[in-house]
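Peer 1: Can you keep this structure in mind? I'll have questions shortly.
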Amino acid sequence: MIFLITVLMIVFAAIMLIESWYLLSHRKTGIFGQAATERSFRHCSIWGWLLLIWGIVSLIAAFFSDHIGLVATVLVIGCLADMAMALATSSLVFKKH
C-alpha cells in the first residue's frame, strides 16, 4: 500500500512540474495561443514558480509516504493551488467584452 501511495505522489508531482514548466516556458510567448501581455507574463511567472515549488515539495513528500498526514496535506494544498491556477488562467483566456 505504501508503494502505491509513493507512485501516486510521484505522478502528482510530475503533473505539477509539467504544468509549471508550461507556464514558465510561455511567459513571453503567451498561453493557449494568445498574445503575451504584461498580465499574462505576471500570471505565468507567479503560478509557474508556485507550482514548481509545490511539485518539488510533492516529490519530497512521496518518499515520506508512511506519514499519511503529510501526504494528505501536500495533496490538498496542491490540488487547491492547481484549481486556483486554473481559475486564474480562465480569466486570461475568456476575456469580457
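The values are calculated or read from the model by the stated rules, or taken from the named source; none is laboratory data. A quick note: this is a predicted structure, and the numbers were derived from the prediction, not measured. Heads up, the Cβs are rebuilt from the backbone with ideal geometry, glycines too, and the neighbour counts pull from every protein chain shown. Keep in mind that these areas ignore ligands, DNA and RNA; they rest on the heavy atoms of the full protein, side chains included. Shrake-Rupley method; radii C 1.70, N 1.55, O 1.52, S 1.80 Å.
Peer 1: Tell me, what does the Kirkwood hydrodynamic radius of the chain come to in angstroms if you use every pair of distinct C-alpha atoms?
Peer 2: That comes to 14.1 Å for the chain.
Peer 1: Further question: Assigning unit charges at the beta carbon (Lys, Arg +1; Asp, Glu -1) and nothing else, what dipole magnitude in debye, to the nearest 20, does the chain show about its Cα centre?
Peer 2: 520
Peer 1: Please list 3J(HN,Hα) in residue order for the range 50-62, calculated via the Karplus relation 6.51 cos²θ - 1.76 cosθ + 1.60 where θ = phi - 60°; whole Hz, with x for glycine and proline.
Peer 2: Result, ordered by residue: 4, 5, 5, 4, 6, x, 5, 4, 5, 5, 5, 5, 4 Hz.
Peer 1: Which residues in the range 3-26 place their backbone N less than 15 Å from a point set 7 Å from the Cα of residue 68 along the Cα-to-Cβ direction?
Peer 2: From the range 3-26, the list is 3-6.
Peer 1: Sticking with this structure for a sec: Need the full-extension length gain, residue 1 to residue 79, defined as separation in residues times 0.36 nm minus the C-alpha distance. One decimal, nm.
Peer 2: Full extension from residue 1 to residue 79 adds 25.9 nm.
Peer 1: Just the number please: accessible area per residue for the chain, 1.4 Å probe, all protein chains included, in Å².
Peer 2: Value for the chain: 64 Å² per residue.
Peer 1: What percent does the relative contact order of the chain come to when contacts are Cα pairs within less than 8 Å and at least six residues apart?
Peer 2: Relative contact order here is 33 percent.
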